[in-house]
Every structure is written in structure tokens, then in C-alpha cells.
1. How many residues are touching a residue at least 60 places away in the same chain (Cβ under 8 Å), outside any helix (DSSP H, G or I) and open to solvent by 10 Å² or more (accessible area, probe 1.4 Å) when one looks only at region 58-107?
2. For ARG141, all conditions in the list (1) within 30 Å of VAL245 (Cα to Cα); (2) in contact (Cβ under 8 Å) with a residue 40 or more places away in the chain hold save one; what is the number of the exception?
3. For THR150, state whether it is open to solvent by less than 60 Å² (accessible area, probe 1.4 Å), over 17 Å from THR117 (Cβ atoms) and either acidic (Asp, Glu) or in contact (Cβ under 8 Å) with a residue 60 or more places away in the chain (or both).
4. Go through region 108-133 and count every residue that is of a type in the set (Phe, Trp, Tyr) and free of Cβ contacts under 8 Å to residues at least 60 places away in the same chain.
5. Among the residues in region 183-205, are any of a type outside the set (A, V, I, L, M), surrounded by 15 or more Cβ atoms within 10 Å (Cβ to Cβ) and closer than 29 Å to MET297 by Cα?
6. Tell me the helices (runs of 4 or more DSSP H) entirely within region 235-329 that contain at least 3 residues that are open to solvent by less than 20 Å² (accessible area, probe 1.4 Å) and in contact with a Leu (Cβ under 8 Å, 6 or more places away or on another chain).
Amino acid sequence: MSHTDAPTPVPAGPPAKVTGDERLLHRSLARRLMGRPELGSVVGAAAVFVFFSIVAEPFLRASSLSTVLYASSTIGIMAVPVALLMIGGEFDLSAGVMVVSSALISSMFSYQMTANTWVGVGVSLLVTLAIGAFNGLLLTRTKLPSFIITLGTFFMLTGLNLGFTKLIDGTVSTKSIADMEGFDSAREVFASHLTLGSVDIQITILWWIVLVALATWILLRTRVGNWIFAVGGNADAARAVGVPVTKTKIGLYMGVAFAAWVSGQHLLFSYDAIQSGDGVGNEFLYIIAAAVGGCLMTGGFGSAIGAAVGAFIFGMASKGIVYAQWNPDWYKFFLGAMLLLATLLNAWVRKRAEEKA
């Protein structure tokens with residue numbers, strides 16, 4: 001071979017970029033997004049927001065959005081612990097009337113004992129947590145479905161709310177406690193509002209944000225969060241690897257009870273008297289908000305943020321229908337339609353996530 005036939009050396013340079021890595025990166029991001037429980041609810045919330053922004057002219061006003069957030073918070077405070085309970089594989093059909101039970105206990109104890117209203121608030125907290133513990137303990141001891149356990153509690157609390165109120169006060173509503181010691185300070189904690197410019201922000205919105213942040217931290221950053229997902233996915237397998245299934249489920253029911261106490265005190269200190277027949281049916285709002293937010297009915301999958309977004313969707317719908325001057329009866333239709341669509345979407349998202357895993 002002649003000198004001129006020798007191969008020309010190729011100068012060294014930086015290594016060529018592998019475009020396949022970028023495709024893998026993008027695919028990984030898509031997988032993560034598809035695997036997020038709240039994906040469907042975020043898309044739905046954006047669609048509902050845009051829709052009512054178009055059809056209801058007052059919807060985008062600052063005061064209107066404040067009202068929407070308040071309506072969302074009254075559902076969201078309860079939807080967050082209900083979502084954790086659903087992730088743990090259980091339901092609580094007594095959550096709606098438990099809110100009223102909590103308010104009734106505070107009101108009647110304070111009035112009948114002529115005590116500082118904070119005493120009634122404290123007694124209410126203890127009794128409400130005991131109701132939650134009762135639900136969880138009965139569930140874990142009897143092995144009966146949570147539907148049956150909490151349906152029984154629902155009817156018991158409904159009867160107790162009406163029966164005790166009529167027995168003690170003679171009517172279906174409690175006496176006003178607005179003039180009692182401690183009422184004003186308790187109202188500041190549970191039913192006050194902050195003014196930002198010309199807009200009033202109800203304190204329940206702050207309670208809601210705090211509960212969402214706390215629940216998200218528990219689910220994603222603590223061992224308890226791992227336990228919740230484990231017992232919801234397969235309680236027997238979780239027990240086999242050392243997860244305290246009984247304590248976890250009792251704790252979840254007590255979490256729902258705590259939120260019911262917060263909501264009940266807000267109800268009481270907003271109006272200073274309580275109608276004992278209220279609260280029936282609200283449990284379905286909390287469950288639907290959690291389901292719309294990505295919680296599977298079968299447990300083991302969901303998020304607190306998704307439940308908050310679900311509550312926000314219903315807050316927008318309930319007030320958007322009013323601002324659009326439609327018949328409010330359509331709101332019930334919207335609830336049912338959203339539940340069906342969310343359940344189908346969540347099942348599809350979960351299936352796609354499992355296929356890509």
C-alpha cells in the first residue's frame with residue numbers, strides 16, 4: 001500500500017449527542033404525568049373554569065372567585081381526609097351528618113352548661129374523634145364492609161341529632177350562643193374572614209390549604225403515607241410485611257372526624273345556631289370530589305391535591321350555574337355526570353400507567 005493510500009486520521013472531538021436519550025426522557029415525563037392521580041381533575045378544572053368564564057360574565061370578578069373558593073373550601077376540608085380514607089380502601093357515609101353532630105355538641109353543651117364556648121368546642125372535638133375511632137374500630141374488629149358500618153353510623157347520628165335536639169331544646173334547632181363568653185374568639189378561628197383590597201377571603205380557605213398541604217406531606221413524605229397506600233392496595237399483604245393495618249384504618253377514620261369537627265365549628269360560629277336535620281347527603285359530595293380528584297373506589301391510588309381540585313370543580317359548578325342564571329337543579333345532574341366521567345377517566349389513566357410501567 002502506498003503512502004497516499006494511508007487512511008486519514010479523524011480528529012478527536014466532543015462525543016455526538018444521542019437523540020435517543022432525549023426521547024427516553026420525554027417518554028419518562030409522559031409516564032410520570034400519566035401516572036399522576038390528579039391529572040384528569042386538573043384538565044377537568046381547566047375546562048370548567050374556561051366554560052364558566054365564557055357563559056357567565058360575573059364569574060371572573062374577584063368577589064365571585066372569592067365566593068367560588070369559599071364554596072370549594074366547605075367541600076374540600078372534608079374531601080381531603082375522605083380521599084385519604086378512600087386511598088386506604090374504605091368509605092365513610094357518616095361524614096356529612098358527623099359535621100352537624102360536632103356543631104350540635106358544641107352548641108348544646110355550651111348553652112346547657114352555661115360554659116365558655118371553648119369548653120363546648122373541646123368536648124365536641126373529643127366526642128367527634130371518638131365517633132371516628134368507633135367507626136374504625138368496628139370496621140377492623142368485625143371485618144364488615146365500611147359501607148355497612150358507616151351507613152349504620154349515618155342513621156344513628158341522624159336520629160341522635162334530631163332526637164337530642166328536640167329533647168333538650170324542644171325544637172329541631174339549637175338556641176343561639178352568640179352572647180356567650182368565648183363566642184367571638186372562637187368565631188375568629190373558625191368563621192372569620194380576611195380582607196384583601198375589596199375582596200373577603202374566608203378563613204375556611206386557609207384551613208383547606210393547610211389540610212391539603214398536611215395530607216400531601218403525610219402521603220408522600222412519611223411512613224404513614226406508605227401504610228395508607230399499602231392497606232388500600234392489599235391489606236393482607238400489607239399486614240404480612242408488618243404494616244399496622246388496624247391502627248392505620250382507625251387513624252384514617254379519626255382524620256375524617258377531625259375534619260368534621262373543623263367543618264362543624266365553622267357551621268356553628270357562622271350562624272350561631274344549628275338545624276339538626278342538616279348534613280344529610282353531603283357525604284356524597286365529599287366522596288365524589290375525592291373520586292373526581294383521582295381516588296379509585298377500590299383503594300390504593302389517589303392524592304389529596306386531586307381531592308382539592310375535585311372540590312374546586314364543584315365549587316366552580318355550584319356558583320357558576322348561579323352566575324350564568326341557570327336553573328340550579330342542573331347542579332345535581334352535573335355531580336352525577338362528573339362522577340361517572342371521573343371514574344371512567346381514572347380507570348383509563350390507571351390502566352395506561354400500569355401498561356407503561
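1. 4
2. (2)
3. no
4. Going through region 108-133 one residue at a time, the tally reaches 1.
5. Within region 183-205, one or more residues are of a type outside the set (A, V, I, L, M), surrounded by 15 or more Cβ atoms within 10 Å (Cβ to Cβ) and closer than 29 Å to MET297 by Cα.
6. Because the criterion is at least 3 residues that are open to solvent by less than 20 Å² (accessible area, probe 1.4 Å) and in contact with a Leu (Cβ under 8 Å, 6 or more places away or on another chain), the helices (runs of 4 or more DSSP H) in region 235-329 that meet it are 245-271, 282-292, 304-323.
The values are calculated or read from the model by the stated rules, or taken from the named source; none is laboratory data. Predicted, not measured: the structure shown is a model, and the values here were computed from it. Reconstructed Cβ throughout: ideal geometry from the backbone, glycine too, with neighbour counts over all protein chains shown. With ligands, DNA and RNA removed, areas are computed over all heavy atoms of the protein, side chains included. Shrake-Rupley method; radii C 1.70, N 1.55, O 1.52, S 1.80 Å.
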